[in-house]
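Here the structure comes first, spelled out in structure tokens, and everything after it is commentary.
The values are calculated or read from the model by the stated rules, or taken from the named source; none is laboratory data. Here the structure is a predicted model, which is why all the values come from computation and not from measurement. As a convention, Cβ positions derive from the backbone with ideal geometry for all residues, glycine included, and neighbour counts pool all protein chains shown.
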Amino acid sequence: MHILIINPNTNPLTTRRIAEVASSVAMPTTKIEVISAQSGIMAIENPKQSTMAAPIVVRLIAEQAEYYDVTIIAAFSDPGLFEARKITTNPVIGIAESAMLKAAEFGPKFSIITLGEKFRDLIKNHAEACGIGNSLANIRFLPWSVSEVGANQGQYLEAFRLECERAIEEDGAKAIIIGGGPLSGMAVNIVDELSVPVLDGVACATQRAETIVIANN
């Protein structure tokens, strides 16, 4: 099978991390191709920028989706997801949608740890659209920008781990999502220190894409 992953920003470091995470969880026979927007912004920091990224994503899907079994949108706001589904018959999924659906499998409540307080309503509405709004216990926003954390993940790992601990203790979370394309790879570096699954959106979407292809064949 052949999976296309679109990074809606122009940051090559984010694109590389997305590719590394997807390849680390994909089956040996799965081919992964990751492309990024050729114009736009280096990081999606707020809903306005997500809206700006959506038509870029939709255009890439219009040009590319027919050559792949599944297309993944690798930004946690899932920009252009619903618009893209209207222009192609091939499956299109998002990393936020995929991570939330997976998190809901682990128990009655899950929490999200991410960046950008202005995304709160968008994420809550997305969970509702996925039919799992009641399972979303909390969205916890850490105080840095996507650009700051994306540039040096290691510097912020302990802060994310501590916030995960709070989500377990205070929210009753049975699973936690680290939300954001530029945060790809952080979950695997802290999951062994925690008592619940810590999910990476790119990893969840890659495995979900494989399941979709297998089910359709």
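For the reader, a short list of remarks on this structure follows.
- From the list Gln155, Gln207, the lone residue that is assigned to a helix (DSSP H, G or I), assigned by TED's automatic domain parsing to the domain that holds Thr10 and at pLDDT 95 or above is Gln207.
- Residue match in the stretch 57-74 (condition: of a type in the set (A, V, I, L, M), farther than 23 Å from Leu136 by Cβ and within 14 Å of the chain's Cα centre (by Cα)): no
- Residue tally, condition in contact (Cβ under 8 Å) with a residue 12 or more places away in the chain and either over 19 Å from Val188 (Cα atoms) or not small (Gly, Ala, Ser) (or both), over the stretch 130-159: 18
- Criterion violated by Gly107 - all others in (1) at pLDDT below 95; (2) farther than 26 Å from Glu169 by Cβ satisfied: (2)
- Meets criteria (crowded, with 16+ Cβ neighbours inside 10 Å and under 16 Å from the mean Cα position of the chain (by Cα)) for Ala187: yes
- Test: residue in the stretch 99-122 that is in a loop (DSSP other than H, G, I, E, B) and under 17 Å from the mean Cα position of the chain (by Cα): yes
- All told, Ile35 falls short of being part of a strand (DSSP E or B) and either touching a residue at least 60 places away in the same chain (Cβ under 8 Å) or surrounded by 24 or more Cβ atoms within 10 Å (Cβ to Cβ) (or both).
- Qualifying residues in the stretch 115-157 (those that are among the hydroxyl-bearing types (Ser, Thr, Tyr) and in contact with an Asp or Glu (Cβ under 9 Å, 6 or more places away or on another chain)) - the one surrounded by the most Cβ atoms within 10 Å (Cβ to Cβ): Tyr156
- If you check Pro47, Pro79, Pro12 for being closer than 26 Å to Gln153 by Cα, touching a Phe, Trp or Tyr at 6+ places or on another chain (Cβ under 7 Å) and not assigned by TED's automatic domain parsing to the domain that holds Ile177, only one passes: Pro47.
- Residues considered: Ser77, Ser24. Of these, the only one that is touching a residue at least 40 places away in the same chain (Cβ under 8 Å), under 22 Å from Ala187 (Cα atoms) and surrounded by fewer than 23 Cβ atoms within 10 Å (Cβ to Cβ) is Ser24.
- Restricting the stretch 82-114 to residues that are among the aliphatic types (A, V, I, L, M) and surrounded by fewer than 24 Cβ atoms within 10 Å (Cβ to Cβ), the residue that is farthest from Met186 (Cα to Cα) is Ile87.
- Output for the stretch 137-166, where each listed residue is among the aliphatic types (A, V, I, L, M) and over 17 Å from Phe119 (Cβ atoms): Ala151, Leu157, Ala159, Leu162
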